[in-house]
Amino acid sequence: MLKLVDLTVGYGAFHATHGIALEVRAGTVFALVGANGAGKSSTIMSIAGHTEVHGGCIEFDGQDITHLPINDRVRRGIALAPEGRRLFADLSVAENLMLGGYARPRAEEAANRDMVLDLFPRLRERLDQRAGTLSGGEQQMLAIGRALMAGPKMLMIDEVSLGLMPKAVDICYAAIARLRERGITVLLVEQSTKRALEAADDVCVLESGRIVWSGTAAAARQDPAVIEAYMGLAGDGAHG
Amino acid sequence: MLAFELTVQGLVQGSIYALIAVGLTLVYGLLRILHVAHAGLFTLGGYFGVLITNATGSLPLAILVAMVVVGVLGILVYRLCYQPILDQPPYVALIASIGLFIAMEEIYRLVFGPFGISYTDAPLTDTVTLATLNLKQGEILTMVGTVVLIGGLAVFAGRTRMGAAWRATVTDPAMAESFGIDVIKVRYLNFFIGSALAAAAGVLVALLNNLVEPTMGSVPSYKALAIIVLGGLGDVRGTLIAALALGVIESFGTIYLGTILDRDAIAFAFLIIVLMIRPQGLFGRA
Ligand SMILES: Nc1ncnc2c1ncn2[C@@H]1O[C@H](COP(=O)(O)OP(=O)(O)O)[C@@H](O)[C@H]1O
Ligand SMILES: [Mg+2]
């Protein structure tokens with residue numbers, strides 16, 4: 001579904017990744033883990049078209065999308081729930097959802113909305129509320145829901161659990177599992193490896209812009225110490 | 001009853017300020033540009049109003065043409081003057097805008113002549129008496145027209161899909177783009193609407209004064225800049241309130257302070273005092 005080939009991305013003269021390669025298989029959940037500053041968001045945002053690509057290429061669905069305009073990527077089937085959610089805070093929940101489906105025919109809107117509200121019933125009670133007034137967990141649900149309104153083939157979620165109450169984390173991971181059942185590919189970013197390893201099919205560990213470990217989540221679960229070691233090396237010192 | 005009359009007169013003037021300042025605050029909200037040349041489009045609206053009315057005898061036609069043509073010119077101003085320098089520091093666009101405004105005034109002087117132009121047969125000059133109040137038809141049109149136009153804008157922005165896309169783009173252009181919104185089209189829309197409203201203001205001012213002249217945009221341009229700062233840059237609601245408030249303050253000021261300060265001086269004294277007390281604008285958070 002998605003292939004990064006020797007991808008170097010960054011900001012001006014600064015490289016945030018150094019020639020990374022990975023493949024996300026269709027219908028699977030792929031976890032990109034690594035410590036703060038490893039380059040996870042830069043990678044995700046380059047796939048969405050926001051971070052400059054300095055070298056290599058991005059292939060999606062067999063086509064080179066490295067230099068595709070940002071607003072065409074959603075039409076190809078890539079949707080984004082970015083770090084920090086970045087909801088349209090002054091707009092209502094309903095409007096945020098509607099705009100998530102902006103690139104789709106209007107005829108699909110009602111059905112997609114029902115699907116999202118079925119996934120996150122909590123949002124149904126909040127449709128007329130300003131997005132900025134939601135709790136952190138609800139905001140994450142809305143960010144994921146907004147992305148799903150685009151009817152994506154691949155959903156990218158940056159920092160699924162960061163700053164959320166455990167209950168909200170459960171809801172988000174349950175939703176990811178259901179999306180996987182429906183055949184939607186998910187590329188997620190996590191700093192908390194435990195949840196990511198449980199949810200994912202494949203895992204890749206990023207450290208200072210380089211891939212230091214990749215393999216199946218099953219293999220990683222067998223030997224979590226390996227991953228923890230890489231995470232630890234990167235200096236966040238977290239246990240878990 | 002004098003207070004009531006002064007308030008209404010102030011609201012008439014405030015409506016004009018509101019129509020001009022809304023476009024300015026919309027441009028600031030979207031692009032962080034102080035669009036000084038906006039007042040040049042206001043002036044052009046005034047010329048279209050007088051010239052088309054004189055040629056065809058139809059004020060509604062003049063208003064419509066002025067709004068559409070000036071709206072399209074607003075898009076061109078963005079495309080030719082601002083878009084090429086968007087990645088430069090903000091003062092670059094400001095300087096370009098001031099330059100463009102001066103150029104526009106000179107072009108009007110060359111094309112339309114240095115002296116004012118009036119209606120050959122000025123429309124809507126009859127006085128209407130509403131209860132105790134004497135108002136010219138033009139003044140009523142100004143207030144009603146402003147309510148209709150701003151109300152229409154509110155409905156468009158608040159109730160339509162495109163309006164929501166517009167507001168989303170103001171909040172986070174990169175995310176809006178990620179969901180398939182064409183942010184360039186949103187900018188065109190933004191300039192079209194703002195410029196069309198300024199053109200309507202130009203036609204109405206031409207009607208109220210029965211005069212258009214090349215420099216009629218100068219004072220409104222300063223005042224509109226001050227109003228949007230007062231209203232909280234980019235805040236449409238705040239800008240509307242600040243515009244109406246300024247109109248009313250001026251109206252009272254000319255009666256009670258008119259012997260010491262003229263109308264414009266009163267307006268600027270008010271703006272300076274407010275900004276000294278609340279530099280973040282009337283409604284902004286500190
Ligand atoms: N907008 C930016 N401009 C310059 N450098 C940035 C920007 N965003 C991130 N970086 C740098 O890129 C590197 C990777 O950051 P990021 O991709 O956000 O990491 P992660 O998401 O893994 O925490 C860091 O060194 C960070 O400081
Ligand atoms: Mg990040």
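The values are calculated or read from the model by the stated rules, or taken from the named source; none is laboratory data. The model shown is predicted, which means the values in this text are computed figures rather than measured ones. Here the Cβ positions follow ideal geometry from the backbone for every residue, glycine too, while neighbour counts run over all protein chains shown. For the accessible areas, the whole protein counts, side chains as well, though only heavy atoms, and no ligand, DNA or RNA atoms are used. Shrake-Rupley method; radii C 1.70, N 1.55, O 1.52, S 1.80 Å.
Ordered by 1.4 Å accessible area with all protein chains kept, B:V170, B:V92 run largest first as B:V170, B:V92.
Largest to smallest in accessible area, the residues B:H35, A:H15 fall in the order A:H15, B:H35 (1.4 Å probe, all protein chains included).
Computed from Cα atoms, the angle from the helix B:218-230 axis to the main principal axis of chain B rounds to 60 degrees. A simple packing score, the average count of other Cβ atoms within 10 Å per residue, orders the peptides A:187-200, B:196-209 as B:196-209, A:187-200, with the highest score first.
Would you mind checking B:K136/B:K223; B:K185/B:K223; A:K3/A:K194; A:K40/A:K153; A:K153/B:K185 for any pair whose Cα atoms are more than 22 angstrom apart? With Cα atoms farther than 22 Å apart: B:K136/B:K223; B:K185/B:K223; A:K3/A:K194; A:K153/B:K185.
Residue by residue along B:165-178, Cβ atoms of other protein chains within 10 Å of the local Cβ number 6 on average. Rounded to a whole number, what % of the accessible area of chain A do carbon and sulfur atoms account for, probe 1.4 Å? Carbon plus sulfur share of accessible area: 50 percent. By accessible area, using a 1.4 Å probe on protein heavy atoms only, region B:2-277 has 70% of its surface on carbon and sulfur.
Peptide B:181-190 is shielded by partner chain Cβ atoms: per residue, an average of 1 of them sit within 10 Å of its Cβ. Residue order by solvent-accessible surface for B:R237, A:R146, B:R161 is B:R237, B:R161, A:R146, largest first, with ligands and nucleic acids left out and a 1.4 Å probe.
Within chain A, antiparallel bridges make up roughly 55 percent of the DSSP beta bridges whose residues both belong there. Summed over both chains, the area buried between A and B is near 1900 Å², taken from the accessible surface of protein heavy atoms with a 1.4 Å probe.
Annotation: per residue accessible area for region B:2-277 equals 42 Å², rounded to a whole number [probe 1.4 Å, protein chains only].
Peptides B:21-34, B:131-144, ordered by how many other C-beta atoms sit within 10 Å of their residues on average, highest first, read B:21-34, B:131-144. Give me the angle, in degrees from 0 to 90, between the Cα long axis of helix B:137-159 and the longest principal axis of the Cα atoms of chain B, rounded to the nearest 10. Orientation of helix B:137-159: about 20 degrees from the principal axis. For A:A81, the residues 5 or more places off, or on other chains, whose built amide H falls under 5 Å of its own are A:M156, A:I157, A:D158. In this label model, B:I184 and B:R79 are separated by 1.0 nm, measuring between points 7 Å along each Cα→Cβ vector. Each residue, B:A154 and B:I277, gets one label point 7 Å from its Cα in the Cβ direction; the gap between the two is 2.6 nm.
Averaging the sequence gap over all C-alpha pairs within less than 8 Å and six or more residues apart, then dividing by the number of residues, gives chain B a relative contact order of 37 percent. If a/c stays under 1.5 just call it rounded; otherwise compare a/b with b/c (prolate if a/b is bigger, oblate if not). Do that for region B:102-211, with a ≥ b ≥ c from the square roots of the Cα gyration tensor eigenvalues. Note, shape of region B:102-211 comes out oblate. Answer rounded, prolate or oblate for region B:195-286, using the Cα gyration tensor with square roots of eigenvalues a ≥ b ≥ c: rounded when a/c is under 1.5, else prolate when a/b is larger than b/c, else oblate. Oblate, since a/c reaches 1.5 and b/c is not below a/b. Averaged over residues, the count of other Cβ atoms within 10 Å places the peptides A:94-106, A:155-167 in the sequence A:94-106, A:155-167, highest first.
Taking every DSSP bridge with both residues inside the protein assembly as shown, close to 60 percent are antiparallel. For the residues of A:60-70, the average number of beta carbons from a partner chain within 10 Å of their own beta carbon is 1. Between amide H atoms placed 1.01 Å from N, distances below 5 Å from A:G10 occur with A:A16, A:E52, A:H54, all of them 5 or more places distant or on a separate chain. Per residue, region A:30-173 exposes an accessible area of 37 Å² to a 1.4 Å probe, with every protein chain left in place. Determine the shape class of the protein assembly as shown: with a ≥ b ≥ c the square roots of the Cα gyration tensor eigenvalues, call it rounded for a/c under 1.5, and otherwise prolate if a/b is greater than b/c, oblate otherwise. Prolate, because a/c is 1.5 or more and a/b exceeds b/c. Compared with the dominant principal axis of the Cα atoms in chain B, helix B:2-31 is inclined by about 20°. Net charge of the neighbourhood of A:E83, taken over other residues with C-beta under 14 Å away and scored Lys/Arg +1, Asp/Glu -1, is -1.
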